Amino acid sequence: MLRPILALVCFSSLVAGVSAAPIIPTSYNYNVSPWGYWDDTGTQLTDGLYNNVIPGANLATPDAYNWVGWDGNSPSITFNFNQVVTINTLALSSVKWTNAAVYLPTQVTIGSDVFSVNDGDYTNLDKALLSFNGSWTGTALTVQLERGGQWTFLDEVSFDGVIGAGTNNPPSNNVPDESSVMVMLGLGLIAAVVGRARFPGFSGRTF
Ligand SMILES: [Ca+2]
Ligand SMILES: [Ca+2]
């Protein structure tokens, strides 16, 4: 029984190998600039660095360096990928900090998809990771935040997906792509091992 189990494990690994992975935009731009809590490097939304919630942090200290904040605006941010990608998950790292007039967005529009944010799901004075699933294909993706109060803070925006048009669109030609080949190899491996298990004399070639 060991071999079929091993085959299934291998097959699972092959399938996992074609699943979504983090994709980092090459650049992004705003329709309205942050204010006060600046985007100090121009890449603070995608640099992998986060900010802690530090009560009393202000503009004059480094405590808030990794935050990017908007005061009284509902920003729209367009992320550029420099190639066609299919994004399946977008996550906004934000904070609910009402003591400092920082609120989560009430609504997030990704491409043409509109998502509501239930403020009651999040704890005050704590980070909030707002995660949205969908399928967005293109070389750029625009995210529109509807502010929930005076300030809106982000310290990171992250994306999971695949390079290219993804699996929701038919391939442009009949040449199997890498993922199809990997799945076929996995199925072949299972067929060979199951064949051996059923027929002791089976001498089929295995991968
Ligand atoms: Ca960051
Ligand atoms: Ca900053």
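Need one number: nm distance between label points at residue 113 and residue 139, each 7 Å from Cα along Cα→Cβ, rounded to one decimal.
The modelled label-to-label distance comes out at 2.3 nm.
Along each of the three principal axes of the Cα atoms of segment 20-163, give the extent in whole Å, ordering the values from largest to smallest.
42, 32, 25
What would the Debye equation give as log₁₀ I(q)/I(0) for segment 77-158 at q = 0.14, 0.20, 0.24, 0.25 Å⁻¹, counting only Cα atoms as equal point scatterers?
Here the Debye-derived log intensity ratios amount to -0.46, -0.87, -1.15, -1.23.
Read the figures in this text as sums done on the coordinates, not as results from a lab. A quick note: this is a predicted structure, and the numbers were derived from the prediction, not measured. Methodologically, a virtual Cβ is constructed for each residue, glycine included, from the backbone with ideal geometry; neighbour enumeration extends over all protein chains shown.
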